[in-house]
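A quick write-up on the structure given underneath.
The values are calculated or read from the model by the stated rules, or taken from the named source; none is laboratory data. This one's a predicted model, so the numbers in the text were calculated from it and none came from an experiment. Here the Cβ is made from the backbone with ideal geometry for all residues, glycine too, and neighbour counts use every protein chain on show. With ligands, DNA and RNA removed, areas are computed over all heavy atoms of the protein, side chains included. Shrake-Rupley method; radii C 1.70, N 1.55, O 1.52, S 1.80 Å.
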Amino acid sequence: MSWQPEIDELRRREELARRMGGPEKVKRQHDGGKLTVRERIDRLLDKGSFHEVGAIAGKATYDDEGALTDFLPANFVMGRGRIEGRPVVVGGDDFTVRGGAGDAAIGSKQVYAEQMANELRLPLVRLIDGTGGGGSVKSLEIDQRTYVPANQGWDWVTDNLGKVPVVGLGLGSVAGLGSARLVTSHYSLMVREISHMFIAGPPLVARLGQNLTKEELGGSDIHARAGAVDDVVDSEEEAFERTRAFLSYLPSNVFELPPRAACEDDVDRREEWLIEAVPRDRRKVYDMRKVIAAVVDTGSFFEMGRKYGGPVITGLCRLDGWPVAILGSDPRFYGGGWTADAAIKVTRFIDLANTFHLPVVNLSDVPGFLIGKQAEVDGTIRHGARALAALYQARVPWCTVITRRSFGVAGAAHGNHVRLHYRYAWPSADWGSLPIEGGIEAAYRSELAAAEDPKALHAEIEERLNRYRSPFRTAEAFLAEEIIDPRDTRPLLCEFANLAAPLREPGMTGFAMRP
Amino acid sequence: MPSKNVVSEIAGSVWKIEKKAGDTVEAEETIVILESMKMEIPIASPIAGKVASLAVTEGDMVDVDQLIAVVEG
């Protein structure tokens, strides 16, 4: 006698699990414009690569003879698979089973996925579509008791931020613990219209007198602008595409180094227009994203957090095929001055680069912190100081290109000043403690007050000081190491990426990324 | 006709009005220039069309998300 009957029984149970919440619930999922968790996994992973773990975990019903009559799978599907040939762990909520709520969960499955990613040192993708693990008050009647809450698996969830790349995809309405799982990741996004995120959803909030739709309370654009998630996309397909792209820049874990890709682009490519990228008129802005696109390997710029912390641009890119973290200033947001949210964005980004050993290129044009009442109200200096701490804690190779302004504390944060100044300045560079335009009133207050014609004196002082403003004078004193032709930026950055590659050190860092 | 609200993504003051109500605009063409951190920050039309109304005048202080203009495509 072989064990065939048991294998048949196993296959039958697996088949029942694949029905998820049943045809009616699956139809509802599709009618809502959403894929089922199994469709999502199939589309995310390399074709046919999914190896499920715990498929037959769920709630079974038996007849009097002990034969299985029905089976409702647990509402979390997980396992291993491949993305672009590299192994990953994937786990997703099944909204067709009790809306993904905790009372239909077998909590240990979620924890297992986190632990599996951690111990096998594999990237983790969370497909989030449900209330997570929090459960509902219905559990009171089932358990006939209540419990002290605990965030199940959070030891692994937190530890994973320092060990393996974690991507959180918001693919439905998520609340409570599900929301926390979405944002506790290195890269998170929500799909417009089908995805919402709340601490608590509209029915609970209505009790506060706030009658809001899901979209009004926790729509994807609200969270992308608040920086709660990194990005918003228009479709699930796009979400999977961005997940694959994000992971391609990162190592599978911190004990490895980011993988080099083939480079089709010419490392010596010099874009002619860069010589006039920065307007001579200091009041005029320019498009830093265009500059970034011109200096990195063609098509390799992967921006993250576009809607948040506008003065700072953050993304991943390749230089001669090497993955690099790229920071840039956007002069169109406060001239590139750091707001509180820009500083928070910088901190997270440096932590990400440092955790996964990505060398950093910083295209910097920072007139300082944003000033004014709102900047003080926002606690800008605290968040800015955190960004400084992240910068001085970072150990990855770092190269700065000062494209224009560098003033004050935030301007000085273009690099760690005690490390080798691997930096360049474009001829448009303009730097100091304070810009002349704003600094004269402060520094020459008494002279201006005593002057018969303060306006004329101001102009005279400004003219005098402007003579000292040339970056060549700074370079004479070797306070700026190299002034370069902007068209040489790409060749020089590719040289940096090649020099930096052997300096990258695998292993855990003292400060892993915090969500 | 679809109309589009053009809002400011930053706080600043209105330095210059480039287009008035009734003017035609191209996509990405500047309607208003704000001043912030001593820089001129152009606020551009997201679509081609006609400026239906302007919500600011030169010298106004604007906040994040404040309506600048309405453009009809």
Exercise for review: Inspect all residues belonging to segment A:378-385 and state whether any of them is at pLDDT 95 or above, under 24 Å from A:Glu505 (Cβ atoms) and surrounded by 18 or more Cβ atoms within 10 Å (Cβ to Cβ).
Suggested key: no
Review point. Within segment A:322-330, can one find any residue that is at pLDDT 95 or above, open to solvent by 10 Å² or more (accessible area, probe 1.4 Å) and in contact with a Lys or Arg (Cβ under 7 Å, 6 or more places away or on another chain)?
Key: yes
Practice item. Within segment A:261-283, work out how many residues are surrounded by 14 or more Cβ atoms within 10 Å (Cβ to Cβ), without any contact (Cβ under 8 Å) to a residue 60 or more places away in the chain and within 14 Å of another protein chain (Cβ to nearest Cβ). Key: 2
Check your understanding: Which of the residues spanning segment A:60-83 are closer than 21 Å to A:Glu114 by Cα and open to solvent by 70 Å² or more (accessible area, probe 1.4 Å)?
Key -> A:Arg80, A:Arg82
Practice item. For residues that are assigned to a loop (DSSP other than H, G, I, E, B) and buried (at least 16 other Cβ atoms within 10 Å of the Cβ), scanning just segment A:284-294, find the one that is farthest from the other protein chains (Cβ to nearest Cβ). Key: A:Tyr286
Practice item. Residue by residue through segment A:178-195, note down the ones that are assigned to a helix (DSSP H, G or I), of a type outside the set (S, T, N, Q) and buried (at least 24 other Cβ atoms within 10 Å of the Cβ). Key: A:Gly178, A:Arg181, A:Leu182
Review point. Can you find even one residue in segment A:23-34 that is open to solvent by 40 Å² or more (accessible area, probe 1.4 Å) and either under 22 Å from A:Ser108 (Cβ atoms) or among the aromatic types (Phe, Trp, Tyr) (or both)?
Key: no
Practice item. Confirm whether A:Ile350 is among the β-branched types (Val, Ile, Thr), open to solvent by less than 10 Å² (accessible area, probe 1.4 Å) and modelled with pLDDT of 95 or more. Key: yes
Exercise for review: Working only within segment A:313-353, note down all residues that are within 12 Å of chain B (Cβ to nearest Cβ) and either within 20 Å of A:Pro258 (Cα to Cα) or of a type in the set (S, T, N, Q) (or both).
Suggested key: A:Ser329, A:Thr339
**Study point:** Among the candidates A:Leu448, A:Leu492, residue that is under 28 Å from A:Val361 (Cα atoms), open to solvent by less than 50 Å² (accessible area, probe 1.4 Å), away from chain B (no Cβ under 14 Å) and out of contact with any strand residue (DSSP E or B) (no Cβ under 6 Å at 6 or more places or on another chain)
**Key:** A:Leu492
Review point. What are the pairs, 6+ residues apart or on separate chains, where a residue within segment A:289-301 that is in contact (Cβ under 8 Å) with a residue 40 or more places away in the chain has its Cβ under 9 Å from a residue that is of a type in the set (Lys, Arg) and surrounded by 19 or more Cβ atoms within 10 Å (Cβ to Cβ)?
Key: A:Ala294/A:Arg490; A:Val295/A:Arg490; A:Val296/A:Arg318; A:Val296/A:Arg490
Review point. Can you find even one residue in segment A:457-465 that is surrounded by 13 or more Cβ atoms within 10 Å (Cβ to Cβ), in contact (Cβ under 8 Å) with a residue 24 or more places away in the chain and away from chain B (no Cβ under 14 Å)?
Key: yes
Point to revise | Residue that is surrounded by the most Cβ atoms within 10 Å (Cβ to Cβ), among those in segment A:147-177 that are within 14 Å of the chain's Cα centre (by Cα) and assigned to a strand (DSSP E or B) | key: A:Gly170
Check your understanding: So is B:Leu67 away from chain A (no Cβ under 13 Å), on the phi < 0 side of the Ramachandran plot and not hydroxyl-bearing (Ser, Thr, Tyr) or not?
Key -> yes
**Study point:** Matching entry among A:Leu352, A:Leu327, A:Leu388, A:Leu363 (being closer than 29 Å to A:Glu264 by Cβ, in a helix (DSSP H, G or I) and outside the structural domain of A:Arg242 (by TED's automatic domain parsing))
**Key:** A:Leu352
Point to revise | Identity of the residue in segment A:112-146, in a helix (DSSP H, G or I) and under 17 Å from A:Leu204 (Cβ atoms), that ends up modelled with the highest pLDDT | key: A:Leu140
**Study point:** When residues of segment A:300-312 are limited to those that are out of contact with any helix residue (DSSP H, G or I) (no Cβ under 6 Å at 6 or more places or on another chain) and not in a loop (DSSP other than H, G, I, E, B), the one surrounded by the most Cβ atoms within 10 Å (Cβ to Cβ)
**Key:** A:Met304
Point to revise | Residue check for B:Met61: of a type outside the set (S, T, N, Q) and surrounded by 14 or more Cβ atoms within 10 Å (Cβ to Cβ) | key: no
Check your understanding: Within segment A:228-263, can you find the residues that are closer than 17 Å to A:Arg82 by Cα and not in a loop (DSSP other than H, G, I, E, B)?
Key -> A:Glu237, A:Ala239, A:Phe240, A:Glu241, A:Arg242, A:Thr243, A:Arg244, A:Ala245, A:Phe246, A:Leu247, A:Ser248
